[in-house]
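Read the structure below first, then the notes.
The values are calculated or read from the model by the stated rules, or taken from the named source; none is laboratory data. As the structure is a computational prediction, the values presented were derived from the model and not from experiment. With ideal geometry, Cβ positions are generated from the backbone for all residues, glycine too; neighbour counts draw on all protein chains shown.
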Amino acid sequence: MNKLSRPVVNDFAAIERLANTRRAKSFPHLRDALETITAGYDQYLAVEGDALRVNQVVLSEEVEGYLRAHYASPPTALSHITALRLEAEQRVCPMCGSMHRGTLDHLLPKEDYAVFSVFSQNLIPACKCNIKRGKTVTGEGAGERILHPYFDECLAERLIAARFEELGKVPHITLRVLTDPAHRHYSAIVFHVREIVSNSAILKYVSDRWAHLCQLPELAVRALSVVPESVDALRTLLEHERDLTDRAHGGRNNWNSVFVTGLLDADVLQWLYDCLSAPGRDPNGPLL
């Protein structure tokens with residue numbers, strides 16, 4: 001998960017140009033629906049893409065089909081779609097926090113919200129987690145919705161951490177939401193973590209990092225090539241590692257930061273220090 005800057009696109013000018021392009025197959029149908037489409041854009045922006053508050057926009061099946069087709073094969077007026085698709089794939093996925101992207105997809109699915117098929121503020125560069133969630137955008141509970149990387153500022157906060165229990169070579173690993181339940185978007189955060197993040201490969205990724213830690217600590221955290229002098233020194237080392245990881249990946253909820261944050265839990269930190277400093281352990285050898 002990660003907060004993204006909004007695309008700098010004049011969607012209103014773009015859809016107007018397309019609607020008035022006589023050689024486009026959608027002409028004049030798109031032109032006749034232009035006022036309805038732009039009103040939908042205005043309302044989407046007014047509620048900042050909140051899936052619980054975005055209104056359904058009624059369009060004819062014909063116009064909806066044209067909009068979906070224009071997304072699949074963008075004409076010149078919609079060059080922003082091509083530009084967004086070319087975004088670097090190695091960046092962190094803003095939806096689940098994985099270490100790559102790979103697709104451009106719709107926050108509100110184009111199957112149910114065809115009006116936003118080519119709307120830049122609804123187009124999110126993400127990994128396959130956004131495809132796996134399908135049409136899921138809201139839940140049954142109060143405030144349950146997916147988070148919007150362009151609008152939800154809480155995505156810049158540290159929201160989740162790995163939780164390690166039954167410590168050893170193969171611990172029990174879960175995800176822990178760090179947000180205070182009094183946070184105004186707590187329900188949305190929990191819903192997003194449950195429906196998107198937890199259904200990604202994050203637990204497998206964290207499990208592999210733990211295996212590297214046990215195999216040779218510096219494989220997981222480079223600075224652990226040297227045994228810290230105390231638990232406090234280990235905490236400082238891991239906090240520095242976490243902060244560097246945040247900076248490198250432009251956010252606090254990338255999977256590497258989730259892993260390191262989990263190591264900072266008091267019981268895990270003490271266990272890790274005891275293993276690192278165990279009598280007779282080779283500092284360049286396995287943790288266990």
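As for the stretch 42-60, it holds at least one residue that is assigned to a helix (DSSP H, G or I) and of a type in the set (Ser, Thr, Tyr). Within the stretch 5-18, can one find any residue that is surrounded by fewer than 18 Cβ atoms within 10 Å (Cβ to Cβ), touching a Gly at 6+ places or on another chain (Cβ under 6 Å) and either not aromatic (Phe, Trp, Tyr) or not in a loop (DSSP other than H, G, I, E, B) (or both)? Scanning the stretch 5-18, I find no residue that is surrounded by fewer than 18 Cβ atoms within 10 Å (Cβ to Cβ), touching a Gly at 6+ places or on another chain (Cβ under 6 Å) and either not aromatic (Phe, Trp, Tyr) or not in a loop (DSSP other than H, G, I, E, B) (or both), so the answer is no.
Restricting attention to the stretch 42-92, and to residues there that are of a type in the set (A, V, I, L, M) and in contact with a Pro (Cβ under 8 Å, 6 or more places away or on another chain), which single residue is nearest to Ala14 (Cα to Cα)?
Ile81
Filtered by the rule that a residue be in contact with a Leu (Cβ under 9 Å, 6 or more places away or on another chain) and either over 19 Å from Met1 (Cα atoms) or among the hydroxyl-bearing types (Ser, Thr, Tyr) (or both), the stretch 153-172 gives Phe164, Leu167, Gly168, Lys169. Please determine whether any residue of the stretch 133-154 is among the small types (Gly, Ala, Ser) and in a helix (DSSP H, G or I). Among the residues of the stretch 133-154, not one is among the small types (Gly, Ala, Ser) and in a helix (DSSP H, G or I), which makes the answer no.
A Cβ distance below 6 Å, combined with a sequence gap of six or more or placement on separate chains, defines the contacts here; from the stretch 95-110, residues that are modelled with pLDDT under 85 reach residues that are of a type in the set (S, T, N, Q) in the pairs His100/Gln90. Just one of the listed residues (Val268, Val258) is at negative phi and more than 22 Å from the chain's Cα centre (by Cα), and it is Val268. In the stretch 1-20, the residues that are among the small types (Gly, Ala, Ser) form Cβ pairs under 8 Å with partners that are surrounded by fewer than 19 Cβ atoms within 10 Å (Cβ to Cβ) and in a loop (DSSP other than H, G, I, E, B), at six or more places apart or across chains, as follows: Ala19/Phe27. Entry remark, the stretch 182-216: residues being hydroxyl-bearing (Ser, Thr, Tyr) and more than 12 Å from the chain's Cα centre (by Cα) number 4 in total. Every condition in (1) farther than 30 Å from Ala156 by Cα; (2) buried (at least 19 other Cβ atoms within 10 Å of the Cβ) holds for Leu107 except the one numbered (1).
If only residues of the stretch 252-274 that are surrounded by fewer than 18 Cβ atoms within 10 Å (Cβ to Cβ) and out of contact with any Phe, Trp or Tyr (no Cβ under 9 Å at 6 or more places or on another chain) are counted, the one that is farthest from Cys214 (Cα to Cα) is Ala266.
In summary, no helices (runs of 4 or more DSSP H) completely within the stretch 198-249 bear 3 or more residues that are over 20 Å from Arg158 (Cβ atoms), of a type outside the set (D, E, K, R) and not assigned by TED's automatic domain parsing to the domain that holds Arg176. Might you let me know whether the stretch 232-251 holds any residue that is surrounded by fewer than 15 Cβ atoms within 10 Å (Cβ to Cβ), of a type in the set (Val, Ile, Thr), touching a residue at least 12 places away in the same chain (Cβ under 8 Å) and closer than 30 Å to Phe151 by Cα? Checked the stretch 232-251: no residue is surrounded by fewer than 15 Cβ atoms within 10 Å (Cβ to Cβ), of a type in the set (Val, Ile, Thr), touching a residue at least 12 places away in the same chain (Cβ under 8 Å) and closer than 30 Å to Phe151 by Cα. Looking across the stretch 138-174, just one residue is surrounded by 20 or more Cβ atoms within 10 Å (Cβ to Cβ) and more than 27 Å from Asp243 (Cα to Cα), and that is Arg145. Quick check, is Phe259 in contact with an Asp or Glu (Cβ under 9 Å, 6 or more places away or on another chain), of a type in the set (Phe, Trp, Tyr) and either in a helix (DSSP H, G or I) or farther than 19 Å from Ala156 by Cα (or both)? Spelling it out, it is not the case that Phe259 is in contact with an Asp or Glu (Cβ under 9 Å, 6 or more places away or on another chain), of a type in the set (Phe, Trp, Tyr) and either in a helix (DSSP H, G or I) or farther than 19 Å from Ala156 by Cα (or both). Has the stretch 222-231 got any residue that is hydrophobic (A, V, I, L, M, F, W, C), modelled with pLDDT of 95 or more and under 17 Å from the mean Cα position of the chain (by Cα)? Within the stretch 222-231, not a single residue is hydrophobic (A, V, I, L, M, F, W, C), modelled with pLDDT of 95 or more and under 17 Å from the mean Cα position of the chain (by Cα). Taking the numbered list (1) free of Cβ contacts under 8 Å to residues at least 40 places away in the same chain; (2) over 20 Å from Val206 (Cβ atoms) in turn, Glu166 passes all entries but (2).
Restricting attention to the stretch 37-86 and to residues that are exposed (fewer than 14 other Cβ atoms within 10 Å of the Cβ) and of a type in the set (Ser, Thr, Tyr), the residue that is nearest to Leu123 (Cα to Cα) turns out to be Thr82.
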